[in-house]
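Report on the following structure.
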Amino acid sequence: MRGAALLGLCSRRRFQAGPRAASETGLLASSAWVRSTRALSSKTASATDGSARLRALEQPWPVVIVGGGPTGLTLGLLLRGLGVSSLILESRQWLTEHPQAHLINHRAMEIFRPLAGLSRDIQDAQPDFEDWRRFVYCQGLTGPLLGTVDHFPRQTDASRPDLSPEPLAHLSQHRLVPLLAARLDALHQCPGVSCHAGSLAIWGAEPAARPVQNDASSRARCEMVMGARAARLEEAAGGRGATLHVDVSPDAAGATTTSSKAFALSTSFVVAADGASSALRRSLGIGSTGEPDMQRLINVHFVWPELASALRSQRREGMLYFVYSSEATAVLVAHDLRRGEFVAQIPHFAPKGVESFPEAACVDILRKVAGGSASSDELPGFSSAPARAPSSFPSLRASSPRILDVRAWRMGGFVADSYHRARTALAGDAAHAFPPAGALGMNTGVGDAQALAW
Ligand SMILES: Cc1cc2nc3c(=O)[nH]c(=O)nc-3n(C[C@H](O)[C@H](O)[C@H](O)COP(=O)(O)OP(=O)(O)OC[C@H]3O[C@@H](n4cnc5c(N)ncnc54)[C@H](O)[C@@H]3O)c2cc1C
């Protein structure tokens, strides 16, 4: 494995007890483990001098990618495979923990295949096909059923060899991104901590099924610096390159430096993969056409194993649940029924914001979405299949969802008026944003990465 010299304080061996414990005890234990290893990694960072992260920011890179989401990471890894080095700047200190997108289409899986077998790792990590082949429409998750749609009729798995050598997959973005990050040459977190792929465990990812074996023949490198926010871009005269001004935050423990540090990176190409509200797109004066504010949603990320059991006992396994009742309306994404991990997308209207959804209110809404009342309202035009009596789910009634995160999300649909200016290109949500139906958001970003790299 390349870059083995970077393995040190953050090596996988050092954290071996963590992933094993997480896989044995499930998500809740895994979350606790993530928190404890975060504290450990911060402590480790505070004891170092920050030299590795600073070195990465001081050397010239042919390509600088702003944004370490799925688009930016895929682009950096594809470029490395083609012999081009790149540095990814990510303003957050940590990889995303919110599930966000989850359906990976055939084309994205084809693009992932050469990335050290990423498509294989995705298939190994995803839930069983039977858990996600259907959409379910109901008046409560344990209430009357309106109907189900099997999106893979006559298929026993998600492959369609007549369409693609790679199958569709269902793996949440917060589990995909660490698999991408595991393929980097270095992941610079806090000053002085240079995390090689082998140390991925400190990010709270699932233990890799097998070690990642990057292409050893490539001399190019792809590194990512966390806590580095691109603040301003200056195009060089004559379009010969650009200077990117970057603010680098202190390490997570705030111990090595106490204030942010500014860098000016000179580079030949910049790619803005900094998401739908891309500051770089706006700083380049590139407008957009469409509707950036189609609907406002509150995303409640929660774990409720008893709900997953109740769904299984009714043979209601599905990827998406559309719940309509006079008590609550929501779309529930079953990110992983094995762990009982869900996101409920709840529409809301201004002036309500995320502050109107404290944990107790979310639990109350989720109980209503779970439903169970056998006498829900009749929806015009539907004849509901009767529900089992609420008493059929005693463990569901006796339990509570554990809320992990509550976020506001603005669903938009827009396209940038231009995809590039001089030596800067836009990619992913920075260039175009989609409503989630059709799973075009992340998949199109991965497609952009491939289109830019080759
Ligand atoms: C809360 C939420 C829920 C979503 N749910 C769904 C869903 O259910 N289904 C679906 O299809 N899609 C969903 N999406 C959209 C989907 O996640 C995106 O299409 C996808 O993440 C796009 O990937 P990207 O890499 O282009 O952008 P992003 O994933 O947004 O990544 C951009 C990255 O750039 C970083 N960044 C921003 N500014 C700077 C800067 N100045 N300097 C350095 N770094 C910067 C950000 O921290 C971020 O990590 C959701 C998005 C959000 C935010």
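Any read-out appearing in this document is the output of simple, stated calculations on the displayed coordinates, not a laboratory observation. Not measured: the values here are computed from a predicted model. Neighbour counts are summed over all protein chains in view; Cβ atoms, including those assigned to glycine, are modelled from backbone coordinates with ideal geometry.
A full extension of the chain between Ser356 and Phe152 corresponds to an added length of 69.6 nm, given 0.36 nm per residue minus the alpha carbon distance. Note on Ser418 and Glu130: their simple-model spin labels are 5.5 nm apart, each label 7 Å out from Cα toward Cβ. When you count the other C-beta atoms within 10 angstrom of each residue and take the mean per peptide, 239-248, 79-88 line up highest first as 79-88, 239-248.
Sort Lys261, Lys368, Lys352 so the one with the fewest other Cβ atoms within 10 Å of its own Cβ comes first.
Working: Lys261 16, Lys368 19, Lys352 12.
Ascending Cβ contact count within 10 Å gives the list Lys352, Lys261, Lys368.
Starting with the fewest neighbours, write out Glu341, Glu234 ranked by other beta-carbon atoms found within 10 Å of each beta-carbon. Please list the in-between numbers first.
Working: Glu341 25, Glu234 13.
In order of increasing Cβ crowding within 10 Å: Glu234, Glu341.
Peptide packing for 416-425, 329-338 was compared via the average number of neighbouring C-beta atoms within 10 Å per residue; ordered from the highest value, the list is 329-338, 416-425.
Could the peptides 148-155, 360-367, 66-73 be put in order, highest first, of the mean number of other beta-carbon atoms found within 10 Å of their residues? Write down the numbers at each step before the final one.
Details: 148-155: 12.0, 360-367: 16.5, 66-73: 27.8.
By packing density, highest mean first, the sequence is 66-73, 360-367, 148-155.
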